[in-house]
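What follows is a single structure, written as structure tokens, with notes after it.
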């Protein structure tokens with residue numbers, strides 16, 4: 001096995017060439033060797049036209065799996081290209097949880113057809129899954145759980161499994177339930193095979209297991225999997241009845257999506273964004289973010305406009321003012337990023353936020369003083385004006401202190417207000433550091449230099 | 001089970017209070033209920049003084065596990081607080097892979113003592129693990145693999161496991177090897193228990209399994225686990241000899257670290273950074289990033305300085321110029337973030353980078369025109385000067401186009417040069433959009449307005 005990124009690039013160019021030359025068997029050859037997740041990645045790495053041509057070559061039996069592995073926006077471009085019949089066929093072999101994930105992206109008419117084509121049991125399962133809130137354990141849960149009773153012997157359990165003939169390959173533990181279907185513990189297969197077969201399940205099962213309430217948020221489920229190093233976990237309802245299990249593969253997706261989200265949101269992008277989305281809808285979406293930023297830029301310009309007289313008398317102010325704003329912005333975004341990660345990891349709470357604020361103010365003060373000195377010396381040398389050096393130094397310290405404070409308080413306030421700090425934090429922070437930076441520098445200059 | 005973040009906050013304040021009141025039994029009670037990863041999170045959520053006091057209450061037998069779960073920087077603060085004896089005791093129960101992870105963070109003297117206290121087998125295992133490159137499969141690998149031969153019956157396998165009496169709880173598959181120890185396939189425990197016990201391993205094993213070369217990069221191992229939905233995978237050497245296995249828990253850590261890295265690096269921070277690091281070292285580290293930014297800020301100031309005459313004649317230019325730079329910066333950072341994620345996911349390659357560039361230029365052109373119109377109208381209304389509206393509109397379009405191009409080309413070039421695009425991309429991009437923004441606006445103004 002070689003470097004996978006390398007081979008992806010390799011495959012991409014092979015497919016690219018083959019599509020260009022219309023050598024479709026070549027394309028089929030490449031696809032045949034791939035896992036659905038790899039086909040998904042190839043599709044995501046292609047501009048719309050090529051993507052659709054590749055999608056048409058993907059065998060119907062893997063269509064459903066591939067759709068599950070692409071980001072939402074890419075998924076809808078693929079679904080748009082399929083007719084009713086193809087969609088229904090693609091979703092035929094899927095597990096209820098997977099079906100539920102796709103279901104809400106389907107065109108109304110197709111969704112209805114699909115429901116009609118299902119038998120009563122499938123339909124009621126799907127409806128039950130859809131009744132759980134998005135991003136809750138209920139949506140992540142698989143129902144292919146194998147449950148056994150505590151009072152039987154290991155030998156009986158193995159006989160039962162052999163009678164069933166097959167166990168899902170990703171079954172690592174058996175669930176133990178009481179006569180009413182209430183969850184009581186788990187029996188890892190590793191213990192089942194390594195213990196004396198005469199012993200009872202009750203002797204060997206692990207009852208110290210955290211069961212997951214079906215309403216628990218996906219993010220909290222992910223935290224639980226990470227802190228407890230879990231591979232699978234039972235899901236129960238309010239009364240402790242076993243409903244299903246959550247498996248680590250689905251949790252890996254939650255973890256990845258969550259971290260992509262912070263990165264993308266900080267730039268005003270959505271984590272489901274298609275890298276190769278067409279120009280017009282992409283431009284539209286980004287326009288909103290640019291528009292919000294324009295408001296803050298005009299606010300900063302308005303602040304500068306208050307000091308026209310000063311700028312008119314001393315042109316050096318116009319030359320130097322972006323330095324004050326920019327240093328504040330950078331210092332603030334460092335604090336902000338650290339706070340956003342801290343909030344995401346659950347490291348920040350009421351108990352320690354004061355300490356954190358003091359720490360960031362301390363850092364800002366030290367770095368403010370250091371760089372104020374450097375900037376002052378350079379400004380004095382450049383403009384041969386001692387006053388301007390003093391003014392820019394004081395303004396820089398003020399703005400860096402403001403940046404440190406804002407970098408902690410803004411995300412905390414946003415979080416408390418239920419707003420994602422990664423999404424709006426950076427715009428608000430830049431507004432603060434621009435306004436305070438220009439105001440401090442130009443205001444002090446007006447007071448002391450003119 | 002309730003919301004885990006909630007309970008963490010709860011625990012934090014309980015511990016905080018208990019430490020303040022010196023009620024150490026209370027502290028011990030809280031810790032006793034926690035998994036090592038949760039203790040690690042609590043420690044990471046505390047200022048240095050409290051952290052050390054809590055650390056001293058953590059029972060020695062979980063010290064090693066806790067050290068493995070904290071970020072590097074926090075780890076070294078904890079290790080600094082331990083004496084030789086404590087460190088050696090803490091690492092006693094650890095697996096070789098875990099030991100190797102800690103080993104390089106230990107003080108020289110302690111590391112030597114530890115090596116001396118090991119028996120020959122342990123020492124040679126540790127040395128072998130350390131001989132693999134950091135961030136390679138060899139470092140992630142566990143050696144507690146259970147291997148069986150292909151020609152035996154399932155019954156024999158089960159008898160062998162029962163004779164061993166215990167199998168590591170996170171064993172989900174048995175490895176199948178030939179008489180020379182070469183890897184030939186895997187036998188999932190789920191298949192072992194659900195099949196006729198007379199059958200041979202060879203009949204049931206899965207030979208279509210990707211084995212991982214011991215030199216493969218961790219990041220590629222993580223991609224493989226994700227695309228193939230793996231829970232564990234065999235690790236082999238150049239000749240196909242089975243060396244060990246990699247389990248999903250360790251991969252989850254790789255995935256999380258990787259995504260944290262992009263977020264933190266974009267702000268010039270390290271993903272191992274301690275949220276509660278002391279002020280002085282934090283200030284020092286951040287000073288470098290601020291210094292680099294200061295260079296680019298002075299470069300921008302120098303560009304503005306070239307146009308002192310224009311600014312002197314028309315003060316409106318000073319008021320409006322930050323708008324041009326800021327809009328370019330925002331548009332560029334959107335493109336840059338999308339490109340950084342695309343590169344991380346392996347979606348961008350030579351085949352599609354031209355398409356991507358054209359797309360981003362198209363988006364920039366559309367948004368440039370839209371916002372140029374808005375800005376021009378507002379500028380004309382504000383300064384009653386038609387010329388200034390035209391000039392700022394053209395400058396804005398130029399800068400947004402430059403931002404779109406730079407947002408794609410900078411990360412691609414950095415990647416080709418082997419530099420992390422997330423780390424230096426944003427500074428370079430801001431330099432480009434500042435310089436081009438100021439130059440276009442002030443230059444056009446000098447040409448047409450004065």
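With the requirement that a residue be surrounded by fewer than 19 Cβ atoms within 10 Å (Cβ to Cβ) and either closer than 17 Å to residue A:80 by Cβ or at the interface with chain B (Cβ under 7 Å from one of its Cβ atoms) (or both), what does segment A:278-287 give you?
Applying the first criterion (surrounded by fewer than 19 Cβ atoms within 10 Å (Cβ to Cβ)) to segment A:278-287 yields A:278-281, A:284-285, A:287.
Matches in segment A:278-287: A:278, A:279, A:280, A:281, A:287.
Name the helices (runs of 4 or more DSSP H) wholly inside segment A:1-89 in which the number of residues that are assigned by TED's automatic domain parsing to the domain that holds residue A:122, farther than 20 Å from residue B:223 by Cα and touching a helix residue (DSSP H, G or I) at 6+ places or on another chain (Cβ under 9 Å) is 3 or more.
Values: elements: A:4-20, A:24-32, A:36-44, A:48-57, A:60-69, A:72-80.
Here the list reads A:4-20, A:24-32, A:48-57, A:60-69, A:72-80.
Pull out all pairs, ordered by first then second residue, where Cβ-Cβ is under 6 Å, the residues are six or more apart or on different chains, the first lies in segment B:117-143 and is closer than 20 Å to residue B:248 by Cα, and the second is surrounded by fewer than 14 Cβ atoms within 10 Å (Cβ to Cβ) and modelled with pLDDT of 85 or more.
Qualifying pairs under 6 Å: B:136/B:215.
For residues in segment B:126-158 being within 12 Å of another protein chain (Cβ to nearest Cβ) and in a loop (DSSP other than H, G, I, E, B), which is modelled with the lowest pLDDT?
B:144
So, residue B:156, is that one surrounded by 15 or more Cβ atoms within 10 Å (Cβ to Cβ) and over 20 Å from residue B:141 (Cα atoms) or not?
yes
Give me a count of the residues in segment B:229-240 that are out of contact with any helix residue (DSSP H, G or I) (no Cβ under 6 Å at 6 or more places or on another chain), part of a loop (DSSP other than H, G, I, E, B) and within 23 Å of residue A:171 (Cβ to Cβ). So that I can check it myself, show each step before the final result.
First pass over segment B:229-240, keeping only residues out of contact with any helix residue (DSSP H, G or I) (no Cβ under 6 Å at 6 or more places or on another chain): B:230, B:232-234, B:236-240.
From what's left, part of a loop (DSSP other than H, G, I, E, B): B:230, B:237-240.
Cutting the leftovers down to within 23 Å of residue A:171 (Cβ to Cβ) gives us B:230.
Qualifying residue count, segment B:229-240: 1.
Please work out if residue B:219 is more than 17 Å from the chain's Cα centre (by Cα) and either at pLDDT 90 or above or surrounded by fewer than 20 Cβ atoms within 10 Å (Cβ to Cβ) (or both).
On the way: more than 17 Å from the chain's Cα centre (by Cα): no; either at pLDDT 90 or above or surrounded by fewer than 20 Cβ atoms within 10 Å (Cβ to Cβ) (or both): yes.
Taking the combined requirement at face value, the residue does not satisfy it.
Out of all the residues in segment A:345-354, is one or more more than 9 Å from chain B (Cβ to nearest Cβ) and at pLDDT below 95? So that I can check it myself, show each step before the final result.
To start, the set of residues in segment A:345-354 that are more than 9 Å from chain B (Cβ to nearest Cβ) comprises A:353-354.
Then keep just the ones that are at pLDDT below 95; that gives A:353-354.
Yes, some residue in segment A:345-354 is more than 9 Å from chain B (Cβ to nearest Cβ) and at pLDDT below 95.
For segment B:160-176, what are the residues that are crowded, with 19+ Cβ neighbours inside 10 Å and more than 35 Å from the chain's Cα centre (by Cα)? Lay out the reasoning, then the answer.
If we filter segment B:160-176 for residues that are crowded, with 19+ Cβ neighbours inside 10 Å, which is where we start, we get B:161, B:167, B:170-176.
Scanning segment B:160-176 gives a single hit, B:161.
Give A:394, A:374 a once-over and let me know the one that is within 14 Å of chain B (Cβ to nearest Cβ) and either touching a strand residue (DSSP E or B) at 6+ places or on another chain (Cβ under 8 Å) or surrounded by fewer than 20 Cβ atoms within 10 Å (Cβ to Cβ) (or both). Reasoning before the result, please.
Details: A:394 fails: within 14 Å of chain B (Cβ to nearest Cβ).
A:374 is the lone residue from the list that is within 14 Å of chain B (Cβ to nearest Cβ) and either touching a strand residue (DSSP E or B) at 6+ places or on another chain (Cβ under 8 Å) or surrounded by fewer than 20 Cβ atoms within 10 Å (Cβ to Cβ) (or both).
Go through segment B:292-307 residue by residue and tally those that are loosely packed, with under 14 Cβ neighbours inside 10 Å and either outside any helix (DSSP H, G or I) or at the interface with chain A (Cβ under 9 Å from one of its Cβ atoms) (or both).
Matching residues across segment B:292-307 total 1.
Can you pull out every residue in segment A:159-174 that is at the interface with chain B (Cβ under 7 Å from one of its Cβ atoms) and assigned to a helix (DSSP H, G or I)?
Within segment A:159-174, A:161, A:162, A:164 qualify.
When residues of segment A:229-252 are filtered for being at the interface with chain B (Cβ under 8 Å from one of its Cβ atoms), on the phi < 0 side of the Ramachandran plot and surrounded by fewer than 21 Cβ atoms within 10 Å (Cβ to Cβ), how many remain?
Summing the residues that are at the interface with chain B (Cβ under 8 Å from one of its Cβ atoms), on the phi < 0 side of the Ramachandran plot and surrounded by fewer than 21 Cβ atoms within 10 Å (Cβ to Cβ) in segment A:229-252 gives 1.
For segment B:308-343, what are the residues that are at the interface with another protein chain (Cβ under 9 Å from one of its Cβ atoms) and either outside any helix (DSSP H, G or I) or surrounded by fewer than 21 Cβ atoms within 10 Å (Cβ to Cβ) (or both)?
Selection gives B:308, B:309, B:312, B:315.
The values are calculated or read from the model by the stated rules, or taken from the named source; none is laboratory data. Nothing here was measured: the structure is a model prediction, and the numbers come from that model. Using ideal geometry, Cβ is built from the backbone for each residue, glycine included, and neighbour counts are taken over all protein chains shown.
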